[in-house]
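Structure record follows, encoded as C-alpha cells.
Nothing in this text is a laboratory measurement; each read-out follows from the coordinates by a stated rule. The structure displayed is predicted, hence computed values, not measured ones. Cβ placement follows ideal geometry from the backbone for every residue including glycine, while neighbour counts extend to all protein chains displayed.
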Amino acid sequence: MANFAITGAQWGDEGKGKIVDVVSPQFDVVIRFQGGPNAGHSVVFGGERFALHVLPSGIFQKHTLNIIGNGVVVDPASLVKEIEGVTSRGIAITPANLKISERAHIILPYHRIIDKFRDIGENGPVIGTTGRGIGPTYEWKASRRGIRFCDVVDPARFEKKLSQEWAFIKNNFSHIAELDRLSCEQIMEEVTAPLKRLVPHVADTITILAEARARGSRLLFEGAQAVLLDIDFGTYPYVTSSNSSALGIHAGAGVPLNTVDQVIGIFKAYTSRVGSGPFPTELNDSLGEAIRAAGHEFGTTTGRPRRCGWLDLVALKYTHLLSQYSYLAITKLDVLDEFDTIKVATGYTTEGGTTQSFPASCDILESLQPEYREFPGWKTSLANIRTYEELPKQARDYLEFIEDYMQCPIGIVSVGPDRNQTIIRPGRFPNA
Ligand code: IMP
C-alpha cells in the first residue's frame, strides 16, 4: 500500500490542512515532520472551522494515529491550548491517538524573545517571521543546546538542563532587555504544567512508525510551510528554518528512505506570501487586493495580510524538480470566479532573454520580470461544482494548461473551504 506525502508547492498557506483532512480517511497514520506553531492548517467540515498549528490534520479521523515527529519544534503551552481548543469541540485527543516524538525539540520563552528581537533588522535581514521562536529553536538544535521531550520526562533532569541553559543565555544575551526581565523560575512556571500535560503523549515514534510499516499501515506525511520556504531550497534567507519540502520527511519523521511512495504538491490557483522576500508575480495594486479579499488571505497564525499575485509556473516547476510530484492538488480555484482575465507566469525576462529557471539569488529573482500567459475568466461560481466535467470550459483550459506545463496530473481541485467542496478526479487520483 502506498505511503503519501503532502507538501506545499509555493510559499505556504496552500490549503494543506484541508487536503490532508480530505484524503486522511484512506490512511492509518498522519505524521508532521517539520515546522511548529508557525504553521496554520485550516480544516472545515460540518459548518465548523478548526485552525491547527502543530496537531496533524488526521486528528479528526477516529481511526487515525497522529504523530508529531522529531523534526517538529513544539511550544508546550501553545500545543496544550491547541489540544484543549480541539477537545472542547468534541474531538477526542488521547495518548492513544496523538504521539509526540521524544526527540522533538521544545520551544522555550527565550527562543520567542530572541526571534522577535532579531527580526527588527538592526543587524540582519527582516524576515518577517511569525515570532513563534521557530528559528532560534532550530538554531539551538543545530548548536546542540536544545532541550528535547526526552529531557523533560524526568522533571529533575529538566530543571537541571534548563538552569544550565539559562546561565548560558544570561551570559550571552544580556543585551536583550526582555530577556533580562525573565527568570528561570518564570520559565519553569510557564512550561511545567503544559509539559506535565504532554508527557503521556511522548513516545518512541521511530519504533511506532517502523511497527506501523511492518503491519502494512498506510502513512501520510503532512508538510508545513512549503518548498519555497525550505531552508535549503527556498528563497534564502527569506525562508523558515526547517526542510519544509518533501526532502525533509525522512530526517524529520525518522523513517527509511524507501518509505514515501507518492508526493502530492498542493498549490493555490494564484500565489500568496507572508513576510519578506522576493515574489515575482506579486500584484501591488487593486487586483492583488481583490485576490486578498476574495481569498481571505490573512494569516491563520498571525493574522497578517498576505501578499497576493498570479500563479507562477516557473516557481512551481522548480518545486517539482525537487519533489517529483505524483499528483498536484489545486486549491482556491473559486477565488478566481469573478476575474475577467487570469494570468500565469510561464517564464522570466532577463537581460539575456527568457528563462524558465528559478534562480538561487534573491537579488536576481527580484530583478526578473514575469512573462504571462492570459486566460479568460469563467465568471461564474464554482462553489457547488463536484465533478471535473461540470467545471466551465475556461476553468478546465486553465487547469489543463497547468498540467501540460508541469507534466503532472492535477488529481484534486478544491472549490471552497469545506471538506465537501473538493473534486477528486477519477483516473487522476488513486481511489477516486
Ligand atoms: P518563521 O518560520 O516563523 O521563522 O518565519 C519565516 C518565514 O516563513 C516568514 O516569512 C513567515 O511568514 C514564513 N512562514 C512561516 N510559517 C508559515 C506558514 O505556515 N505559512 C506561510 N508562511 C509561513
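A search for C-beta distances below 7 Å between a residue of the range 100-123 that is closer than 18 Å to E165 by Cβ and touching a residue at least 12 places away in the same chain (Cβ under 8 Å) and any residue that is among the basic types (K, R) and not in a loop (DSSP other than H, G, I, E, B), counting only pairs 6+ apart in sequence or on different chains, returns R103/R148; A104/R148; H105/K141; H105/R148; I106/R148. Evaluate the range 8-20: report whether one residue or more is more than 24 Å from R292 (Cβ to Cβ) and either of a type in the set (F, W, Y) or over 16 Å from the mean Cα position of the chain (by Cα) (or both). Checked the range 8-20: no residue is more than 24 Å from R292 (Cβ to Cβ) and either of a type in the set (F, W, Y) or over 16 Å from the mean Cα position of the chain (by Cα) (or both). Considering only residues in the range 84-104 that are under 21 Å from the mean Cα position of the chain (by Cα) and within 19 Å of I208 (Cβ to Cβ), the one that is surrounded by the most Cβ atoms within 10 Å (Cβ to Cβ) turns out to be S101.
All of V255, V260, V335 fail the test of being away from the ligand (no atom under 16 Å from the Cβ) and surrounded by fewer than 23 Cβ atoms within 10 Å (Cβ to Cβ), apart from V260.
Every condition in (1) in contact with a helix residue (DSSP H, G or I) (Cβ under 9 Å, 6 or more places away or on another chain); (2) surrounded by 23 or more Cβ atoms within 10 Å (Cβ to Cβ) is met by E282 except one, and the failing one is (2).
V274 falls short on exactly one of the conditions (1) touching a Leu at 6+ places or on another chain (Cβ under 7 Å); (2) of a type in the set (A, V, I, L, M); (3) within 15 Å of the ligand (Cβ to nearest atom), and that condition is (1). Selection of the range 1-59 for residues being within 13 Å of the ligand (Cβ to nearest atom) and in a strand (DSSP E or B) yields T7, G8, R32, G35, H41, S42, A51, L52.
Only one of the numbered conditions (1) under 12 Å from the mean Cα position of the chain (by Cα); (2) crowded, with 24+ Cβ neighbours inside 10 Å is violated by S24, and that is (1).
Exactly one residue out of I134, I114 is of a type in the set (V, I, T), more than 22 Å from the chain's Cα centre (by Cα) and within 16 Å of the ligand (Cβ to nearest atom): that is I114.
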